[in-house]
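Worksheet: one structure, shown below.
Bear in mind these aren't lab numbers, they're just calculated from the coordinates by the rules spelled out. What you are looking at is a predicted structure, and each value in this text was computed from that prediction instead of being measured. Backbone-built Cβ (ideal geometry, glycine too); neighbour counts: all protein chains shown.
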């Protein structure tokens, strides 16, 4: 059996098929590679009265103030300034993909279809507790753990540290 591309190249009109019962074989074909003798000599494109869109189409083109024009579009549509700052920080594509994932995840949407994001302090607390857990596991004493936490600018009393270790 010959390779597929050789079989296709042997056909007189690859990608086209005559449709029985329709007049004119040149108009009764399927596919994009067929000629029509009655095709208009001009046409397609945009109407003459079509104005340019204000939506940024060109990738990477900077707005006059240096901002990605797609992020400027987010601002114009009324997206909260903090979310626009996030988009500017991580990039438009990453932001939109994150937004899409969050918007389609019922577990992070509240009753008004808003995205609920936990406080950043929750993340910092988790990281601190993981550090404490690993130091306890490595055999460090309370004063050594307190010193390690002070290096991270976390001042925890000995009593509080004992309670944390008891819950970890």
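Could you sort 67-76, 107-116 so that the peptide with the highest average Cβ count within 10 Å comes first and the rest follow in order?
Result, highest mean first: 67-76, 107-116.
Express in nm, to one decimal, how much length is gained between residue 133 and residue 157 on full extension, taking 0.36 nm for each residue of separation and deducting their alpha carbon distance.
That pair, residue 133 and residue 157, stretches by 7.0 nm at full extension.
Where in the stretch 63-97 does the amide nitrogen come within less than 20 Å of the point 7 Å from the Cα of residue 108, taken along Cα to Cβ?
In the stretch 63-97, the label zone of residue 108 (backbone N under 20 Å from the point 7 Å along Cα→Cβ) covers 71, 74-75, 79-97.
Want the number for residue 100 to residue 143: 0.36 nm per residue separation, take away the alpha-carbon distance, what's left?
Result: 10.9 nm gained on full extension.
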